[in-house]
Amino acid sequence: MSVNLLDFDAAKLAGFFSEIGEKPFRAKQLMRWVHHFGEDDFSKMSDLAKDLRGKLQERAVIRPPSLLRELDASDGTRKWLLSVGEGNAVETVFIPENDRGTLCISSQVGCALECSFCSTGRQGFNRNLAAAEIIGQLWWANRALGREPGGERIISNVVMMGMGEPLANFENVVTALNLMLDDHAYGLSRRRVTVSTAGVIPAMDRLGERCPVALAVSLHAPNDALRDILVPINRKYPLAELMAACRRYIEHAPRDFVTFEYVMLDGVNDTVLHAKELLRLVKDVPCKFNLIPFNPFPGSGYRRSADSAIESFRMVLMDAGLVVTTRRTRGDDIDAACGQLAGKVLDRTRRGAVA
Ligand code: SAH
């Protein structure tokens with residue numbers, strides 16, 4: 001069996017190179033071929049010695065997930081559907097903005113957390129993605145988008161906000177993050193790589209120690225009673241502990257705040273009273289808020305808050321001095337908006353059978 005070199009960050013690749021009797025700096029050359037130039041054919045890596053190329057061909061492959069479909073939305077958003085085998089597929093979305101280009105990456109096939117308003121959660125869970133399948137999403141997007149004529153990068157930001165809970169797939173996500181940050185691979189700034197979590201507290205602490213990047217936390221409710229329903233992992237890791245974990249994370253974080261994501265659900269969590277309760281909850285946590293108008297999907301049972309409700313909610317937070325952005329819905333004509341990523345999940349938890 002040949003190894004897939006997309007599974008390796010710099011440290012692992014250096015280990016592999018020493019196993020096959022090669023100098024570690026050769027590993028860096030290889031990384032540039034693979035990640036900068038999107039090359040998956042060893043024979044084309046012209047500045048690698050012939051015998052090295054031969055050795056690699058014998059023992060290794062560069063195998064990203066295979067591309068099933070590419071979709072373009074009217075607003076410039078692009079979505080890739082990538083097969084990860086056995087009928088499973090995941091989705092990756094590129095969102096161009098004036099001053100940046102953000103790639104939204106998936107970390108699992110489906111998700112086990114069952115947040116009640118999320119369509120990925122409704123689909124059930126199959127498995128964790130391998131590091132190669134996570135970084136392979138950036139590999140594809142980078143290859144498809146190329147660079148600006150001036151050499152500027154098109155993908156400046158990555159958010160782990162696609163399908164799955166990244167911190168439930170910790171080791172593979174960290175390997176992929178290492179590659180995102182590595183100058184010989186994608187060279188992204190730590191501040192521009194964001195892990196979004198529903199609040200897996202022990203893994204938040206480990207991330208702070210192992211690979212501090214920007215952190216977003218899916219809050220969605222100002223009290224435990226409501227959050228237990230919307231984000232069921234709250235029953236295991238309740239809000240007081242989550243707030244303490246956020247404060248600990250900030251000590252390591254490349255930014256001096258965490259971003260709280262808050263999905264706006266009509267009549268559920270979107271009143272001025274909820275906003276005031278939220279202020280009390282986060283008073284000791286340096287944070288920004290990102291309000292996400294709910295993106296409906298068939299059978300969700302929820303409605304998007306009215307614009308006026310979102311605005312009043314936002315004003316309460318802003319009047320208390322918080323920075324609040326409202327996420328614009330992007331790419332919804334190709335089902336690429338938050339919570340609409342469905343990919344194709346062969347559910348192994350059989351949750352689909354009950355729904
Ligand atoms: N598991 C990670 C990443 C999930 S997706 C996490 O929970 O943070 C990124 C964001 O989209 C999360 O905040 C998630 O709660 C939100 N989201 C999920 N479904 C949504 C929907 N239907 N409409 C709007 N936002 C949604």
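The values are calculated or read from the model by the stated rules, or taken from the named source; none is laboratory data. Just so it is clear, the model here is predicted, and its values are computed rather than measured. Don't worry about glycine lacking a Cβ; one is built from the backbone with ideal geometry, like all the others, and counts go over all protein chains shown. Surface areas here come from the heavy atoms of the whole protein model, side chains and all, with no ligands, DNA or RNA. Shrake-Rupley method; radii C 1.70, N 1.55, O 1.52, S 1.80 Å.
All told, R143 meets the bar of being closer than 29 Å to G15 by Cβ, open to solvent by 30 Å² or more (accessible area, probe 1.4 Å), in the same structural domain as G162 (by TED's automatic domain parsing) and of a type in the set (D, E, K, R). The residue pairs whose first member lies in the stretch 160-179 and is among the charged types (D, E, K, R), whose second member is open to solvent by less than 20 Å² (accessible area, probe 1.4 Å) and within 11 Å of the ligand (Cβ to nearest atom), and whose beta carbons are closer than 6 Å, counting only pairs six or more residues apart or on different chains, are E165/C111; E165/A198.
Applying the condition of being more than 12 Å from the ligand (Cβ to nearest atom), in a helix (DSSP H, G or I) and over 12 Å from V282 (Cβ atoms) to the stretch 230-243 and asking which residue is most open to solvent (accessible area, probe 1.4 Å) yields R235. Within the group L48, L81, L56, which residue is hydrophobic (A, V, I, L, M, F, W, C) and in a helix (DSSP H, G or I)? Only one candidate qualifies: L56.
Residue-level analysis places R206 among those that are without any contact (Cβ under 8 Å) to a residue 60 or more places away in the chain, closer than 24 Å to A131 by Cα and more than 16 Å from the chain's Cα centre (by Cα).
For first residues located in the stretch 13-36 and of a type in the set (K, R), partners that are open to solvent by 20 Å² or more (accessible area, probe 1.4 Å) and modelled with pLDDT of 95 or more and lie 6+ apart or on another chain with Cβ distances below 8 Å form the pairs K28/A10; K28/H184; R32/H184.
A quick yes/no check of all residues on (1) within 16 Å of the ligand (Cβ to nearest atom); (2) acidic (D, E); (3) farther than 30 Å from L181 by Cβ; (4) not in a helix (DSSP H, G or I):
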site	(1), (2), (3), (4)
L215	yes, no, no, yes
A221	yes, no, yes, yes
D228	yes, yes, yes, no
Y249	yes, no, no, no
R255	no, no, no, yes
L273	no, no, yes, no
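Apart from one condition, D72 fits all of (1) over 16 Å from D335 (Cβ atoms); (2) touching a Lys or Arg at 6+ places or on another chain (Cβ under 8 Å); the exception is (1). Considering the stretch 91-195, the qualifying helices (runs of 4 or more DSSP H), each wholly inside and each with 3 or more residues that are more than 20 Å from K79 (Cα to Cα), run over 170-181. Residues in the stretch 315-353 that are farther than 24 Å from S106 by Cβ and either more than 16 Å from the ligand (Cβ to nearest atom) or at pLDDT below 75 (or both): M315, V316, L317, M318, D319, A320, G321, L322, V323.
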